[in-house]
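To keep things clear, I will list the structure first and then write my remarks on it.
No value in this document is a laboratory result; all are computed from the given coordinates. Note that the coordinates shown come from a computational prediction; the quantities given were computed from them, not determined experimentally. Using ideal geometry, Cβ is built from the backbone for each residue, glycine included, and neighbour counts are taken over all protein chains shown.
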Amino acid sequence: MSHPPLVFDLLSLKAAQDSHSLYHRLRAQEPIHWSPQLQGWLLTRHADISNALRDPRMVAGPMTGQFERLPEAARKQLLPLRDAVNMWMGHTTHEGHLRFQSLLKRYFTPRTVDNLRPRIQSITDALLDAAAAKGGSIDLVQELAIPLPSSVIAEMLGVPLTDEYMLQRWSRDLTAIFSAFDVPQLLRSQKSVMEMMNYMRDALAQHRRAPSENILEVFVRAQAEGLVSEEEILSNCVLLLFAGHETTARLISKGMWLLFQHPEQLAKLREDASLIPQAVEEVLRYGDVVGFITRLTVAPVELGGQAMQQYQMVYLALAAANRDPEVFAEPDRFDINRKPSKHVAFGFGSFYCLGAALARLEAQVFFETLLRRFPHVRPAPGTQPTWEPRLPLNRELRALPVEL
């Protein structure tokens, strides 16, 4: 006996605040769900998402599906945004993605990243020194979680980070590209992308006048060999500056919030710093650090018994996969002793996040240093964290007042 398809309001604030109740129901009853709101398929099962991530008929490129659903006048207005995003590695063709990965991978291997440990430690100490000097409460998100990875990726690129607040505004607008369903927000995103590209254009010109060994130099050499265009360089520098800090900032801020919510887990870390690496993995699994990513079917696909047509959007709910009871025992329990972890927070296969090792190291150094220097860190009394909906099905921690 067939059942009518499940109907959910995926764009509601309630769904964003309690996404896992919805994910559990979907995974049990309709793990491959067609959403009229998203005009795409929503996947919630670990096995289906893992298969989708390795299927060459599903390609990244969030603007492609969103763009086609917009009115014609809006599509014309948003052409610069579509073209810029579709040049990003991970959102271009499979061959283009591999081309950029081959250029950059030596900067992001675990061994190379570990060489950055002293610099990451120095930046972390300086940020904590400044926070402690203020006295009273500080905002962990704005004063620690965002500046740490922002400073690191800017130095790796060879880009002066002169205005962190401008970077935060740009990043907020870029985040909306992946979840915006209204033209005004996409136009704001486009404005920020164009501003970032101009910022990178100036940085690239400065680098050519005084070259040094960094990621910009890799791109300049590749352009001289005809491997990349100027616009591809600028677009991917925007991506690196954005993605190079956004995920780590979420990992740190949501990780600290989760530890406050689970004081027995925080006590374990205070007593035994060797648990920090696996605690970071548990935050990645449990903490919805990356809620979902998108794919576009470039050919008909059958997945998990469901036929998908060519040129349909597919939303891979990584947060749902990371709580799949078929893979994780007691998936809704936050447990820093959990190991091993088969989470997919950083993706899977050839589209595994290039910066995964860097994000892990930054978070590990941060938590080790914070808990060593300020073992009694706590939420600031009389305050609450500030959450901002990130539709569909997620929310962003924008402020976390703490006392060191």
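Observations on the structure shown:
- Inter-site label distance for H376 and N51 at 7 Å from Cα along Cβ, in nm: 5.5
- Taking Cα centre as origin and charging only the Cβ of basic (Lys, Arg, +1) and acidic (Asp, Glu, -1) residues, the dipole magnitude of region 176-280 rounds to 240 debye.
- Going by neighbour counts of Cβ atoms within 10 Å, the residues Y107, Y311, Y286, Y23 line up, fewest first, as Y311, Y107, Y23, Y286.
- Gaussian network model of the chain, springs between alpha carbon atoms under 10 Å - residue of H376, H33, H24 with greatest fluctuation: H376
- Taking 0.36 nm per residue of sequence separation and removing the Cα-Cα distance, the N337/A132 pair yields an extension gain of 70.8 nm.
- Rounded to the nearest 500, the helix-only mean residue ellipticity at 222 nm of the chain stands at -17000 deg cm²/dmol, with each DSSP H run of n ≥ 4 adding -39,500 (n - 2.57).
- Of K14/K76; K134/K191; K134/K254, those spanning more than 29 Å from alpha-carbon to alpha-carbon: K14/K76; K134/K191
- Shown is the FRET efficiency for A273 and R221, computed with R0 = 51 Å from the Cβ-Cβ distance and rounded to the nearest 0.05: 0.80.
- Exposure rule at most 14 other beta-carbon atoms within 10 Å, DSSP loop trypsin sites (Lys or Arg not before Pro): the chain longest free segment: 1-332
- Modelled spin labels at W34 and S21, positioned 7 Å past Cα toward Cβ, are 2.8 nm from each other.
- GNM result for the chain, Cα springs below 10 Å: residue of F366, F374, F100 fluctuating most strongly: F374
- Max mean-square fluctuation residue, GNM over the chain, Cα-Cα springs under 10 Å, options G287, G349, G226: G226
- Extension gain, D83 to R69, is 3.4 nm, computed as 0.36 nm per intervening residue step minus the present C-alpha separation.
- Magnitude of the charge dipole for region 289-404, about its Cα centre and with charges confined to Cβ atoms of Lys, Arg (+1) and Asp, Glu (-1), is about 280 debye.
- Furthest towards positive pole of dipole, V220, Q29, T175, structure part the chain, Cβ charges: Q29
- Computed over region 13-403: relative contact order in percent, which uses C-alpha pairs under 8 Å that are six or more apart: 28
- Cα-centred dipole magnitude for the chain, charges only on beta-carbon of K, R (+1) and D, E (-1), debye, nearest 20: 180
- For volume of the Cα convex hull per residue in Å³, the candidate list reads (i) 145; (ii) 132; (iii) 119; the entry that matches the value derived from this model is (i).
- At full extension, L11 and A299 could sit 100.9 nm farther apart than now, given 0.36 nm per residue minus the alpha carbon distance.
- Selected from I138, Q101, N86, residue furthest toward positive end of dipole (region 80-158; charges at beta carbon): Q101
- Ranking Q17, L241, L38 by Cα position along the charge dipole of the chain, where only Lys, Arg, Asp and Glu carry charges on their C-beta atoms, puts L38 farthest toward the positive end.
- Once both labels are positioned 7 Å from their Cα atoms along Cα-to-Cβ, the gap between A210 and Y311 label points is 5.0 nm.
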